[in-house]
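First the structure, in the form of structure tokens, and then the observations on it.
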Amino acid sequence: MTAALLEDLRSLDDQDRFLTAMLDGRAKKLLSGDYMPASPPEIRGRLETMLRENGVEAAEVSDFRRLAGGASKEQFLFTLAIAGEAPERFVLRMDPTDGVLETSREREFEVLAVARDVVPVPEPRWLDPDGRWLGAPAMITSFVEGTTKPTAGGAGISGLGTGFTPDWRKRLAPQFMTLLAAIHGVDIRDARLAHFEVPDADPYQAARFRVNLWSRVWRESAMAPSPVFAVVESWLRENMPRTDELVLVHGDFRTGNYLFNEESGEITAMLDWELAHIGDYHEDLAWSLVEIFGAHDEEGAYLCSNLMREDDFIARYEEATGRTVNRKTLRYYRILLAWSVVAMASNGLTAASNHHNHQDILLTWLSMVTPPLLDELTRLMLEEIEP
Amino acid sequence: MSPDFDLRLKSMRRAMTTVIMPAIEPGNQLAQEQAAILVGQLDMLAMQWNRAEPYARLCRDELLRLVAGLRVAGGSETKAAWATLQAVASDPPAPAAAAFNSLSAAMENLVRAADRDGDADFRRQLHRDVLLYGHAQAARDRSWFVQCGFDVNAAELKGIDEILAAHAEGRVDA
């Protein structure tokens, strides 16, 4: 065993304490029986109570209905009419027992409040951090108009395979980069990020937090064993990069996770902040490099997030932020991300197998991303060990 | 054995697309999405059901081939993990899918044991062998699940029947 690996195996528990507490809570939830989603009328009744007890008087909830999407959360759309104000639409996001990943509505609520200072996001309005009103942790945000894909482009579940024409790429790519640069400019010491730990104990803690998180998820809920997963974990522990500048990492920054107006071409909201954390900016760049989140252009070249070729993508980021992209670090995070999505997919299968979700069939379908991910992962790893 | 699997799957698909899906309330996006996925799953099952057993045998045999090529060296934890793996490999459980899972678990355990007290050269070789095996297995699984549409490089894949035929003929390019 190498000294680096020995040291790292001793620090398996070194993790953002808020995520540790969340995963400790999840371990108890996993012992529960089948998840039976409450009916929309039932949730609507609970919602009205919650709003009333949060000072929203004389309000009427209408058009309350379930939304598709949200691979890990239950989502509802509703209209709220408060006396004397124009009716407004809102989105309710609520935790099932389990899904592709366990995340915190409290953290998501906090990060939305901070992020909306610099990028368009749904406005966080009400939070039920422990499910006292709605029966499960939940948050309510404003509803933002927009689409994740052009009408003629087509896309699969969770934004995978979104098709953009060259014209759409030209319109969206600069905005995509502007959003990323703005997010990475957020003050990570902002007091509103109360449930985010800053991994600054040593220069390797940012990477170690991520490896420890997904390693724990795998240990506790992988559907099937994988020797490849173990080999990659060893390599990740022995090759952690330094992080010399910590930023707010969105954690799922890619096409499929933003809305845009199809007429104006303007991005109207960055979504899916549940994986946000403090970490290395290379991690957000790497999301766009994971192959399942991209596509090929008309000449057969790979496009990051189906928007830009890799060199262009990196050059634009360096220009927008003044930072230098370290290709070796970027490659590390690409491997880490592909590895973590394998863990998420496996966790989703376990959730479906345990009947712990309202969309078992979706989780089962999404888990089929694993073979292309393992193809990419093993290809990258073989290049690492056989340069 | 009538009605057979193919007819039953086709009937289910037709019921979904001509009766059940049109009856879903237009505003019920969740039901619409789940119904569409259900049809996709039926299409995949129609392709896979009569190939599932030979495919599981192929996957099991390739994992056994990996095990047979290992030259294990290390301390007590590595030796214990190797003994467990050898026991599973010498008498794999049935059916083949169960054998594949048992072998994978024992192999993952060996990788983790080698991290603790495996000889450096063995560990290096083990990692390389597992990655090469994993890459080949990923290629097979990509072909197996290609209908789901997640693979951006699907054009490079062999057909599943070609892969199964190679295995049946004893060729190692399966």
| request: Work out from phi, with θ = phi - 60° and the Karplus expression 6.51 cos²θ - 1.76 cosθ + 1.60, the ³J(HN,Hα) of each residue of the range A:301-311, listed in order in whole Hz, and give x for Gly and Pro. | output: 7, 6, 10, 5, 6, 6, 10, 9, 6, 4, 5
| query | Roughly how crowded by other chains is peptide A:227-239, in terms of the mean Cβ count from those chains within 10 Å of each of its Cβ atoms? | reply | 6
| field | Nearest-ten-degree value, helix B:76-90 long axis tilted from longest Cα axis of chain B | value | 50 degrees
| message | For chain B, compute Rg over Rh where Rg is the Cα radius of gyration and Rh is the Kirkwood radius from the inverse mean 1/r over Cα pairs. | response | 1.11
| Relative to the longest principal Cα axis of chain A, at what angle does helix A:40-53 sit, 0 to 90 degrees, rounded to 10? | 80 degrees
| What ³J(HN,Hα) values, in whole Hz, does the Karplus curve 6.51 cos²θ - 1.76 cosθ + 1.60 give for the range A:114-131 when θ = phi - 60°, with x put for Gly and Pro? | 7, 5, 5, 5, 10, 9, x, 9, x, 7, x, 10, 9, 10, 10, x, 10, x
| note | Once the in-chain neighbours fewer than 8 apart are removed, the lysines whose Cα is under 29 Å from B:LYS158 read B:LYS10
| request: For n ≥ 4 DSSP H runs only, could you compute -39500 (n - 2.57) per run for chain A, divide by its residues and tell me the 222 nm figure to the nearest 500? | output: -13500 deg cm²/dmol
| request: Treating cross-link reach as a plain straight distance, find the lysines whose alpha-carbon is under 26 Å from the alpha-carbon of A:LYS73, omitting any fewer than eight places away in the same chain. | output: A:LYS28, A:LYS29, A:LYS149
| said: With only alpha-carbon pairs counted, each pair once and no self-pairs, how large is the Kirkwood hydrodynamic radius of the range A:322-386 in angstroms? | reply: 13.3 Å
| remark: Projected onto their principal axes, the Cα atoms of the range A:284-335 stretch, largest extent first, over whole-Å spans of 30, 23, 14
| field | Spherically averaged projected area in nm², based on the convex hull that wraps the Cα atoms of the range B:1-54 | value | 4.2 nm²
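Using a cut-off of 9 Å between beta-carbons, work out the net charge of the residues near A:ARG210 (Lys and Arg +1, Asp and Glu -1, A:ARG210 not included).
Once positives and negatives cancel, what remains is -1.
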| Anchor B:LYS79: aspartates and glutamates whose Cα lies under 12 Å away (excluding residues fewer than 8 positions away in-chain) | B:ASP117, B:ASP119
| C-alpha long axis of helix A:166-183 to longest principal axis of chain A, angle in ° | 90 degrees
| field | the range A:252-387 - Rg and Dmax from Cα coordinates, angstrom | value | 16.4, 49
| task | Grab the Cα-Cα distance for A:ASP167 and A:ASN326, subtract it from 0.36 nm times how many residues apart they are, and report the gain in nm with one decimal. | result | 54.2 nm
| remark: Counting Lys and Arg as +1 and Asp and Glu as -1 over every other residue whose Cβ sits under 12 Å from the Cβ of A:GLN175, the net charge comes to +3
| query | Any idea what the alpha-carbon Rg over 2.2 N^0.38 Å comes to for the protein assembly as shown? | reply | 0.99
| task | Would you mind calculating the gained length between A:ILE385 and A:ALA113 on full extension (0.36 nm times residue separation, minus the Cα-Cα distance), in nm to one decimal? | result | 93.6 nm
| DSSP-loop trypsin sites (Lys or Arg not before Pro) across the range B:105-174, with at most 10 other Cβ within 10 angstrom | B:ARG171
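Since every read-out is calculated from the coordinates, none of them should be taken as a lab result. Computed from a predicted structure; not experimentally measured. Cβ coordinates were reconstructed from backbone atoms using ideal geometry, including for glycine residues, and neighbour counts include every protein chain displayed.
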